[in-house]
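Step one of this worksheet: look at the structure below.
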Amino acid sequence: MKRRESAAGKQMAEKRIRRSSIAGIIGCIFFGIGDWLLGWVEPGIVDRAFLLIREGHGADYGLMRVAVTLVLGIAGMMFLLPGYQGMAEIVVDEKRKRRLRFTMALCAAGWLALHFTVAAGIWVYSWLMHQGMEELAVESAAGITKMLMPTQMTAYVFIYLPLIQMLVYVLRRQTVYKRTAALAAPVLWMAVLGTAAGCMPASPFSTGMFALCMNGAMMVWFVFCLIKKPVLDKQEER
C-alpha cells in the first residue's frame with residue numbers, strides 16, 4: 001500500500017514539474033516576443049547613458065510596439081508565475097521548497113517591474129521624438145532613467161538572488177536533478193546569451209538578442225525540466 005502511495009506521489013510530483021515547465025515556456029514566449037520588439041532597433045548610442053535606449057527608439061520607432069510589449073508582459077506573467085512557483089518543486093526538502101517558492105514570487109515581481117520600467121522609458125523617449133522634441137526626449141528619458149534606477153536595481157536583486165539560490169540547491173544536490181543540471185541554470189545562460197549578443201556585430205539582431213537573453217535563458221531551463229526525467233527516488237533518501 002505504501003509503495004503504491006509512494007509511486008502515486010512521485011507521478012504527481014513529476015506532473016507538477018512538467019505542468020509548471022510548460023507554463024513557463026509559454027510565458028517566456030510571450031515575454032520574449034515583447035523583449036524582442038523592444039530591442040530590435042538600430043543600435044546607435046544616444047548621447048546620454050541609458051539602460052536600453054538606443055537611437056533606433058527615436059522618431060521611426062512604432063509606439064504600438066511598446067503597447068504590444070506591455071500586453072504581452074501581462075499575458076506572459078499569467079504563465080510565468082506558475083512556472084516560477086513550480087521551479088520550487090525540484091527541491092527535495094520541504095522547508096527549502098517553501099523558501100524557494102517565496103523567493104521565486106519575488107523574482108516574478110522583479111521581472112515585471114524591470115519589464116515595465118524599461119518599456120516606460122522607451123515609450124517616453126520615442127513619443128517625444130515623434131513630436132520632434134529631440135532635446136526634451138533626451139532630457140526626459142535621462143530623468144526617468146535616474147528616477148527609476150533604484151527600482152530597476154531592486155528588480156535585478158529580486159531576479160538574480162532566487163536564481164542563484166536555485167543554482168546553489170542544484171550544486172549541493174538538494175534537488176531531484178544531478179549537479180550537471182547546473183549547465184541549464186538560467187544565471188549561466190543569461191551570461192552566455194548576453195555575452196554572445198555583446199560579441200556580435202552591432203545590428204538590430206544583436207540588440208534584440210540582448211533584450212531577449214533573460215527570457216531566453218529561462219526558456220532553456222524550462223525546456224530542460226520538461227524533457228529531463230527527475231530522480232524522485234532522492235526524496236526517499238532524505
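Run the numbers for Glu14 and Glu55: contour at 0.36 nm per residue of separation, minus the present Cα-Cα distance, in nm. Extra length from Glu14 to Glu55 when fully extended: 10.1 nm. Between Val71 and Val187, the modelled label-to-label distance comes to 3.7 nm, taking each label 7 Å out from Cα in the direction of the beta carbon. In this structure, the amide hydrogen of Thr175, modeled 1.01 Å from its nitrogen in the peptide plane, lies closer than 5 angstrom to those of Val92, counting only residues at least 5 positions away or on a different chain. Extension gain for Gln131-Met153 works out to 4.9 nm (0.36 nm per residue, less the C-alpha to C-alpha distance). Along the axis of the charge dipole computed for the stretch 96-238 (Cβ charges of +1 for Lys and Arg, -1 for Asp and Glu, origin at the Cα centre), the listed residues Ala119, Ala185, Ala202 are led at the positive end by Ala185. For the chain, modelled as a GNM whose springs connect Cα atoms under 10 angstrom apart, the maximal fluctuation among Cys225, Cys28, Cys199 occurs at Cys199.
Placing unit charges on the Cβ atoms only, positive for Lys and Arg and negative for Asp and Glu, gives the chain a dipole magnitude near 1960 debye about its Cα centre. Scanning the chain for DSSP H helices at least 24 Å long along the axis (C-alpha atoms) with a Kyte-Doolittle mean no lower than 0.0 picks out 63-87, 94-130, 134-171, 204-227.
No lab work stands behind these numbers, since they all come straight from the coordinates. None of these values were measured; they are calculated from a predicted model. Here the Cβ is made from the backbone with ideal geometry for all residues, glycine too, and neighbour counts use every protein chain on show.
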